[in-house]
Amino acid sequence: MKSFQYVNPKDVKSIPQILADAGEAALLYAGGTDALARMKEGINSPDIVVNLKKLKDLSFIKADSEGLQIGAGTKLVDILESKQAKDFAGLIEAVKSVGTIQLRNMGTLGGNLCQRPRCWYYRSARFDCLRKGGDTCFAIYGDNKYHCIIGGDPCFIVHPSDIAPMLIALDAQIEIVGLDGERQVKAEEFFVLPEQDPYHENILKQHELVTKIVVPAESKTLKSHYVKFRERDSFDFAMVSVAVAAHMSGTTVSDVRIAYGGVAPKPWRASKAEAALTGKEATEENILNAAAAEFADAEPLEQNEYKVRLAKNLLKRTFRELGEA
């Protein structure tokens, strides 16, 4: 790890200029659970590390008429202990599924949303992969058990965030600050596919950072649930995960939003499955048919076809547990 300058900005408004001046040589540092790993792995060798830990205006949780507002620098453990956040059951489940207790005590909400891919080709210094500026996605013909089954061309990563799919299901907004001021985008629109940008996972410009996440107040009336399948229950990233938020009248589904993790290079909004389920009974047959419609165009790689079946069955499990809640 090379030497770097450690910068403590006086406030959030000063950060965009620091980022603009430093360009690719700057790295934001909050919880450090991903940033430090990337530095140790040689993926990032910053000249400037911008410390966000001391900025109190990035760490807060409050609820008002707008909804649940959480600062991007808020630690995940603080969300789990928040009385306001407990009104959003699916969000609590998603946060609780992240890593280990130790990682949740350090990791932040903004960091979880903006973490980089866990693909071993991307993380290895031995591979000059497409996402690092090379010419090839080595996962296509390599070890691709954990890679995406939909939306992957030309890079077949999966987005590692557990919280992002649930925020999409809850119709959350993400606030961004840059040289041009503040802007808010839907969580769904924050993430991008490789066909839009093969080098980045989100829409952030070089001079921008995430400052706040807002879950709308009306989402409190929805039943929400998050289910994650992983190889090791203790701390693994999701092989496939499902986030659902819906109005349920008995077993009839209405106003449903579904998002998947672990199946695509971004958290995947399952709009086809939503359309197939809206206004229908949440029967096993209807749920499996909805999932089949969503993944009809899936193109699994050699080792990950199991994800198609897993994605269908996890949706069934999610709705069953949602009905039992």
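A few remarks follow.
- Looking only at residues of segment 49-74 that are aliphatic (A, V, I, L, M) and either touching a Leu at 6+ places or on another chain (Cβ under 7 Å) or free of Cβ contacts under 8 Å to residues at least 24 places away in the same chain (or both), we find that the one that is nearest to G99 (Cα to Cα) is A72.
- The criterion of at least 1 residues that are touching a Gly at 6+ places or on another chain (Cβ under 9 Å) is met, among helices (runs of 4 or more DSSP H) falling completely within segment 116-223, by 120-123, 163-169.
- Residue pairs meeting the criteria (Cβ under 9 Å; at least 6 apart or on separate chains; first touching a residue at least 40 places away in the same chain (Cβ under 8 Å), in segment 91-103; second in a loop (DSSP other than H, G, I, E, B) and of a type in the set (F, W, Y)): V98/F235; G99/F235; G99/F237; T100/F235; L103/F235
Every residue, every condition in (1) among the charged types (D, E, K, R); (2) on the phi > 0 side of the Ramachandran plot; (3) touching a Ser or Thr at 6+ places or on another chain (Cβ under 8 Å), yes or no:
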position	(1), (2), (3)
R104	yes, no, no
G107	no, no, yes
C119	no, no, no
D135	yes, no, no
C155	no, no, no
S161	no, no, no
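- Scan segment 22-48 for residues that are outside any helix (DSSP H, G or I), in contact (Cβ under 8 Å) with a residue 60 or more places away in the chain and under 16 Å from L103 (Cβ atoms) and the total you get is 5.
- With respect to the stated conditions, H207 fails to be closer than 24 Å to T100 by Cα and modelled with pLDDT of 95 or more.
- Residue match in segment 164-185 (condition: touching a strand residue (DSSP E or B) at 6+ places or on another chain (Cβ under 6 Å) and basic (K, R)): yes
- Here V50 clears all of (1) in contact with a Pro (Cβ under 7 Å, 6 or more places away or on another chain); (2) surrounded by fewer than 18 Cβ atoms within 10 Å (Cβ to Cβ) except the condition numbered (2).
- Matching option when the condition is under 23 Å from D153 (Cα atoms), of a type in the set (K, R) and either outside any helix (DSSP H, G or I) or without any contact (Cβ under 8 Å) to a residue 12 or more places away in the chain (or both), among K272, K266: K266
- Only one entry in M166, M239 is farther than 21 Å from V256 by Cβ and under 16 Å from the mean Cα position of the chain (by Cα), namely M239.
- Filter pass, A243 being part of a strand (DSSP E or B), more than 18 Å from G279 (Cβ to Cβ), of a type in the set (A, V, I, L, M) and in contact (Cβ under 8 Å) with a residue 40 or more places away in the chain: yes
- The single residue among A264, A259, A275, A238 that is of a type in the set (G, A, S) and farther than 25 Å from P117 by Cβ turns out to be A275.
The values are calculated or read from the model by the stated rules, or taken from the named source; none is laboratory data. All figures in this text were calculated on a predicted structure; none of them were measured in a lab. Every residue, glycine as well, gets a Cβ built from its backbone with ideal geometry; the counts of neighbours run over all protein chains shown.
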